[in-house]
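Q: This is the structure I want to talk about, given as structure tokens.
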Amino acid sequence: MTGTIITAPATTLRERMIEDMKLQRLCRTTQRNYLRDVERFAIWLGRPPDTATDEDLRRYQIEQSEMGFGAPAMNTAVSALRGSVPPQGP
């Protein structure tokens, strides 16, 4: 009997995000900044960003605000996270 190996898609969250940003024709600087923001969020969260809840995102934004991040920086982070965190159903 020969074993059949079923492989999962090789696309990681990061790779998918890069593909999506290219489809949206985002410039390299924006792509780099979005990846940086998602990485910072993942470090803060302590787990993959695609497992974040709405409450996690809210707490992160509150903490950013309390740390003195301005609206432009927070808006960029939210835009980046929008592409990496799947929407939650009802």
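Laboratory data are not the source of any read-out in this text; all were calculated from the coordinates shown. Bear in mind that the values here come from a model prediction, so they are computed numbers and not experimental data. Virtual Cβ from ideal backbone geometry, glycine too; neighbours counted across all protein chains shown.
Q: Relative contact order of region 13-82: what whole-number percent is it, with Cα pairs under 8 angstrom and at least 6 residues apart?
A: Relative contact order here is 39 percent.
Q: So, in nm, how far is label residue 15 from label residue 28 when the simple model puts each one 7 Å beyond its Cα toward the Cβ?
A: 2.1
Q: While we're on this one: Work through the residues other than residue 33 whose Cβ is under 11 Å from its Cβ and net out their charges, Lys, Arg +1 and Asp, Glu -1. Mind showing how you got there, number by number?
A: Working: positive: 28, 32, 36, 40; negative: 37, 39.
Once positives and negatives cancel, what remains is +2.
Q: May I ask you to sort 12, 30 by Cβ crowding, counting other Cβ atoms within 10 Å and putting the fewest first?
A: 12, 30
Q: In debye, nearest 20: dipole of region 13-82 around its Cα centre with unit charges on the Cβ of K, R (+) and D, E (-)?
A: Computed charge dipole of region 13-82: roughly 360 debye.
Q: Same structure, new question: When you count, for each residue, the other Cβ atoms within 10 Å and take the mean per peptide, how do 65-72, 36-43, 21-28 rank with the highest first?
A: Order by mean packing, descending: 36-43, 21-28, 65-72.
Q: Also, quick follow-up: Residue by residue, what Karplus-based ³J(HN,Hα) values in Hz, rounded to whole numbers, does region 24-29 have, using 6.51, -1.76 and 1.60 with θ = phi - 60° and x for Gly and Pro?
A: Residue by residue, region 24-29 yields 7, 6, 6, 5, 4, 5 Hz.
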